[in-house]
Structure formats: structure tokens, C-alpha cells
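Notes to accompany the following structure.
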Protein chains: 2
Amino acid sequence: MNMGRTVFYISDGTGISAETLGHSLITQFQNVLIQSHTLPYIDTEEKATQAVEHINKSYNLDNEKPIVFSTIVKPNVRNIIANSHSFVIDFFQSHLGSLEKELGMPSSQAVGLSHAVQDIERYNSRMDAVQFALRCDDGVHTEGYKTADIILLGVSRCGKTPTCLYLALQYGIRAANYPLTEETLHALHLIESLQTHRERLFGLTISPERLHDIRSKRRPNSQYASLMQCREEIHRSETLFHKEKIPYLNSTTLSIEELSAHIMASAELRRDG
Amino acid sequence: MNMGRTVFYISDGTGISAETLGHSLITQFQNVLIQSHTLPYIDTEEKATQAVEHINKSYNLDNEKPIVFSTIVKPNVRNIIANSHSFVIDFFQSHLGSLEKELGMPSSQAVGLSHAVQDIERYNSRMDAVQFALRCDDGVHTEGYKTADIILLGVSRCGKTPTCLYLALQYGIRAANYPLTEETLHALHLIESLQTHRERLFGLTISPERLHDIRSKRRPNSQYASLMQCREEIHRSETLFHKEKIPYLNSTTLSIEELSAHIMASAELRRDG
């Protein structure tokens with residue numbers, strides 16, 4: 001028996017809230033999610049009617065009710081979705097009422113307040129953080145380290161660059177990264193510009209097998225990608241982290257989101273928002 | 001009377017789900033949010049007890065109950081948070097029960113399934129997309145365009161690079177970008193490598209005033225940042241978009257998340273997850 005359901009994430013905004021929480025919930029049920037669709041910017045009755053057609057089509061195909069996770073502010077739009085052939089979890093309807101009661105005031109029922117650039121400062125700080133991450137990527141512009149919030153260290157392909165960019169985009173954190181090259185690993189010694197900012201250093205490590213996989217995609221059968229080389233580099237980088245008392249994290253089983261959140265927590269970094 | 005409340009986002013994972021949805025909800029109440037704290041990886045009774053101390057301290061300081069948005073899977077950890085001096089909205093407790101009923105099976109009550117690298121393929125596709133965005137940033141490596149999902153066009157500082165990186169990190173989309181320089185804008189003509197992939201082109205525009213602000217931060221009092229120059233470039237880029245029938249979006253009042261979600265919807269791009 002096929003237990004699979006089609007899942008819809010529906011929102012009058014970007015859909016990111018409905019997606020992230022809906023995904024957390026549905027992944028608590030193994031093998032249930034068979035296909036998902038995100039329908040953002042459903043902010044008129046007309047668009048809601050189109051969304052309902054889409055949902056009902058899935059119902060007819062699957063012969064099972066689709067699961068709909070929705071964050072829609074306007075009641076008239078929300079009600080149209082509620083009348084589709086689906087099981088709807090409406091995060092706004094579920095919680096706005098109890099919040100209104102607790103806070104003793106009505107909600108504004110305004111669409112798109114969450115991600116709007118109400119706060120230009122916040123937007124600018126993220127743009128700046130991205131520029132910073134790009135400028136201080138891969139060990140260049142070490143003179144920028146004095147304004148870094150954090151400096152990630154690790155061997156080639158352990159996830160430094162995507163993590164820096166995510167920290168910048170999601171949290172406005174100024175993250176630089178410095179590659180542990182053979183030279184540094186051989187000397188087991190940090191260059192002066194790293195020594196100067198050692199309280200901002202944070203290490204990344206990874207299992208040699210996973211590193212071997214990643215590098216093999218890039219340069220198959222190279223010395224660089226060989227398991228022996230990966231083992232040696234990882235062993236030396238972890239030795240360096242211990243010797244220099246640099247906190248570090250193993251990225252093998254973590255997504256970029258998780259890596260970033262762990263680093264934020266471990267390094268006690270403050271978000272910009 | 002001060003209506004402000006301290007808000008906590010608490011999770012046994014990254015905290016991203018609690019943050020995004022909690023923030024959407026609380027911003028429906030103007031001036032309520034005075035300060036927020038995200039407490040990720042609260043996955044043991046001990047950490048939950050520490051979190052409660054943090055919450056109760058805020059209660060004593062504010063003399064108002066903090067609002068807690070929580071996504072915690074384990075009931076024993078969740079119950080500790082429930083006993084703090086706060087108003088708790090628990091997204092898991094609220095919805096898991098009804099989902100279990102609808103799906104006719106128990107939830108796994110396993111922590112961290114949502115963002116875990118269960119799907120290495122998905123992780124790899126995002127890493128690849130980030131590498132692609134970096135390689136094809138700012139008009140370089142136009143030979144890579146044949147594997148692009150989308151190519152963003154726009155004048156300097158209109159938000160192309162952060163948007164490409166966000167599309168890569170959040171959705172695994174391979175996004176290149178090409179700057180509309182004075183040369184292109186003067187000729188009002190697209191180079192051949194853009195012509196070849198015109199179905200993947202997408203334009204960004206911005207208000208001249210906002211562009212002037214952004215550029216002035218970078219190069220104050222320059223010709224490049226002058227309002228006149230910004231007006232001329234924006235006028236010409238919009239003319240080019242119309243002439244070449246390139247869909248485009250005005251980024252002035254949109255956050256990077258919103259820009260990305262709009263582009264995904266307009267260009268009908270498929271997510272990798």
C-alpha cells in the first residue's frame with residue numbers, strides 16, 4: 001500500500017516559513033512525502049482558486065488527500081484554500097488567535113511583513129556580509145580579518161565557502177575563510193594574521209571518506225582526491241586545531257544550515273536581526 | 001504602557017523553522033517584538049533547564065511573559081520548556097497529533113530529520129550550485145551559461161550576486177549573473193552568449209535613488225554613484241529589458257529572500273528538494 005502524499009507549501013509571501021516548518025513536520029513521518037510543490041505569492045482570491053485546482057488535480061491523481069501547509073494572512077484567501085480536497089495545516093489560523101488573546105490586541109492581517117525590507121539597515125548588513133565573504137574567501141585579503149566576526153579554517157572542499165556565504169545571507173555575519181594548505185599543515189603553525197585574530201578562528205573538519213568523494217567529483221583519480229591524501233590532511237588539520245586550541249566542528253553529516261547554526265551557537269555570534 | 005515582549009525561538013535543531021514562522025507571526029503585531037533570542041540545539045533536559053532559566057530571567061526583567069516559539073520533538077525536553085514563565089507556541093505539539101491522525105501512523109519523534117544530510121545528492125547539488133554562482137559571477141565564464149538555470153542581468157549593485165548565491169544555497173538553482181555595463185547599455189544590444197540563452201535571462205532593476213544610496217556607500221561622491229548616472233543606467237536597462245522582452249523585477253523594496261522566491265515563481269524554476 002502506497003502511503004505517499006503530495007505536499008503543498010502555500011503562502012502569500014515567499015513560502016519559506018511554510019516550507020521550513022512543514023518540511024520539519026512531514027519528515028517526522030517516514031516515506032510519506034512523495035512530491036512537494038511550493039506555491040508562493042498566493043495573495044488574491046484568483047490565485048487561490050488556481051492553487052485549489054492544482055491541489056485537487058493531485059488529489060485525483062494520488063487518490064489520497066494532499067497535505068497542505070499554509071501561511072496565508074487574509075481570511076478570504078485562506079478560506080478558498082480550506083475548501084480544497086486536502087488536509088490543511090494553516091499556521092496562521094492556528095496560532096494568530098491565541099497570540100491576539102495573549103497580547104491583548106488584534107493582528108494587523110497585513111501580507112509580507114516578515115521578509116519585507118522594512119529595515120534597510122538589516123538588508124545592507126547582509127549585502128555587506130556577502131561582499132565581505134566573497135572578498136575574504138579562500139585566504140585572500142587577510143587584512144580584512146580585523147572586521148571579521150569569524151574566520152573558518154579547514155582543508156580544501158570541507159565546506160568553508162558555502163558556510164561563510166550562508167552565515168552572511170541568513171544572519172549578516174561577516175565570515176572569512178582560510179584554507180589549510182599542505183604548507184600550513186606541514187608546519188603545523190598558523191600564519192601571523194591568523195595568530196592575531198585567534199579568538200575568531202573556528203575549524204571545520206570532515207571524514208576522509210566523504211572528502212575523498214567530494215574531491216573525486218572535482219578531480220577524479222588525482223593525488224589531491226586520493227583517500228590517503230585526504231586522511232593525511234584531515235589528521236594534520238585536527239592535530240593543528242588541538243595544538244592551537246581552536247574550536248572545531250565535523251561537517252560530515254551536517255547540512256550547510258546546520259553547520260551555520262552550530263557555529264553561531266558555539267562561537268556565540270549575534271544575529272543582525 | 002510598554003507592550004513589548006521578549007521573543008525566544010527554541011529548537012532541538014537549527015532553530016530556522018521556529019525563527020521563520022515565529023517571526024512571521026509576531027510581526028503581525030506591531031511594536032510587540034522588542035528583543036529576540038534564538039536557542040538552537042536544545043536537545044537534552046539539561047539544556048532545556050538552562051533555556052528556562054534564560055526565559056525566566058527575561059520574565060523578571062520585562063515584567064511580561066516572553067513569547068516562546070518552539071519546535072522540539074522530544075516530549076520530555078518540550079515539557080520542561082512548557083513549565084517556564086512564558087507564553088509558548090509549540091509548533092510540533094500543535095500539529096503532530098493531527099498529522100498522525102490524518103496519516104494513520106505515529107511520528108518518529110526523531111530530532112533533526114529536517115535539515116540532516118539524509119540526502120547527500122541534495123547537499124551536493126547545493127554545493128555545486130554555489131560553486132557555479134561563484135564561477136559565473138559578474139559576467140565571467142559565460143561559457144558556463146549552457147548549464148545555468150537562470151542568468152540575472154542588471155546594473156552594478158542592483159543585488160545580482162547575493163540573489164544568485166541565495167538561489168544556490170536555498171534552492172540548489174544554478175544562477176549566473178551578467179552586469180549591464182555602460183558599453184552594453186549604450187549599444188542596447190546583448191552579446192552573443194546572452195542571445196544564445198535568452199530564454200534563461202532575467203532582469204533586475206532598482207529605483208535610481210536606492211541605487212545612488214548603495215553606490216554612495218561604496219564610492220562616495222563619484223560619478224559612478226551620482227544620481228544622474230544611476231537614473232541613466234536604470235532607464236537604459238529597463239529599455240533593454242523591454243526591447244529584448246526579458247522578464248524583470250524591481251528589487252527596491254524586496255529582501256533577498258523575496259527576490260529569490262519571486263524569481264523562482266516567475267521563471268518557473270524547480271527546486272532541488
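Put simply, when B:229-241, A:215-227 are sorted by average Cβ atoms within 10 angstrom per residue, most first, you get B:229-241, A:215-227.
Toward the positive end of the charge dipole of the range B:106-265, with +1 on the Cβ of Lys and Arg and -1 on the Cβ of Asp and Glu, the farthest Cα among B:L165, B:H186, B:F241 is that of B:H186. Under the criterion of Cα pairs below 8 Å and six or more residues apart, the relative contact order for chain B equals 14 percent. Eigen-decomposition of the gyration tensor built on the alpha-carbon atoms of the range A:1-106 gives equivalent ellipsoid semi-axes of 24, 17, 11 angstrom, largest listed first. What the phi angles of the range A:90-104 give under the Karplus curve with 6.51, -1.76 and 1.60, with θ = phi - 60°, is a coupling list of 9, 5, 6, 4, 5, 10, 4, x, 5, 5, 4, 5, 4, 8, x Hz, glycine and proline written as x.
Working note: Karplus 6.51/-1.76/1.60 with θ = phi - 60° gives the range A:65-71 the couplings 5, x, 9, 10, 9, 10, 10 Hz, where Gly and Pro are set to x. In terms of packing, defined here as the mean over residues of other Cβ atoms within 10 angstrom, the peptides B:173-182, B:151-160 line up highest first as B:151-160, B:173-182.
Dipole magnitude for the range B:28-128: computed about the Cα centre from +1 point charges on Lys and Arg Cβ and -1 point charges on Asp and Glu Cβ, it is near 120 debye. Rounded to the nearest 0.05, the FRET efficiency derived from the C-beta distance between A:T147 and B:R135 at R0 = 22 Å is 0.25.
3J(HN,Hα) couplings calculated from phi for the range A:147-161 with the Karplus curve 6.51 cos²θ - 1.76 cosθ + 1.60 (θ = phi - 60°) are, in sequence order, 9, 6, 7, 7, 10, 8, 10, x, 6, 4, 6, 9, x, 5, 5 Hz; Gly and Pro show x.
If Lys and Arg each add +1 and Asp and Glu each add -1, what is the summed charge of the other residues whose beta carbon sits under 12 Å from the beta carbon of A:Q229? Walk me through the numbers on the way to the answer.
On the way: positive: A:R157, A:R215, A:R219, A:R231, A:R236; negative: A:E182, A:E232, A:E233.
Taking every other residue near A:Q229 into account, the sum is +2.
Shielding of peptide A:95-102 by partners, expressed as the average count of other chain Cβ atoms within 10 Å per residue Cβ, is 4. A simple spin-label model places pseudo-atoms 7 Å from Cα toward Cβ; at B:N31 and B:E182 they are separated by 4.9 nm.
Total lysine pairs in chain A at Cα distances under 27 Å, for residues eight or more apart or on different chains: 13.
Based on Cβ point charges of +1 for Lys and Arg and -1 for Asp and Glu, what charge dipole magnitude is obtained for the protein assembly as shown about its Cα centre, in debye rounded to the nearest 20? Mind showing how you got there, number by number?
Values: 54 positive and 64 negative charges, 94 e Å.
Its charge dipole is roughly 440 debye.
Relative to the other identical copies, A:Q50 shows label-point distances of 4.9 nm, where the label point lies 7 Å from Cα along the Cβ direction and values run shortest first. About its Cα centre, the range A:54-104 has a charge dipole of approximately 160 debye under the convention of +1 per Lys or Arg Cβ and -1 per Asp or Glu Cβ, with nothing else charged. I'd like the Kirkwood hydrodynamic radius of the range A:189-273, using the inverse of the mean 1/r over distinct C-alpha pairs, in Å. Over the range A:189-273, the inverse of the mean reciprocal pair distance is 14.4 Å.
With the label put 7 angstrom out from Cα along the Cα-to-Cβ vector, B:D62 ends up 3.8 nm from the copy partners, going from closest to farthest. If you average the C-alpha positions of the range A:41-89 and of the range B:162-210 separately, how far apart do those two centres end up, in angstrom? Cα centres, the range A:41-89 to the range B:162-210: 33 Å.
Any read-out appearing in this document is the output of simple, stated calculations on the displayed coordinates, not a laboratory observation. Since the model is a prediction, treat every value here as computed from it, not as a measurement. Neighbour counts are summed over all protein chains in view; Cβ atoms, including those assigned to glycine, are modelled from backbone coordinates with ideal geometry.
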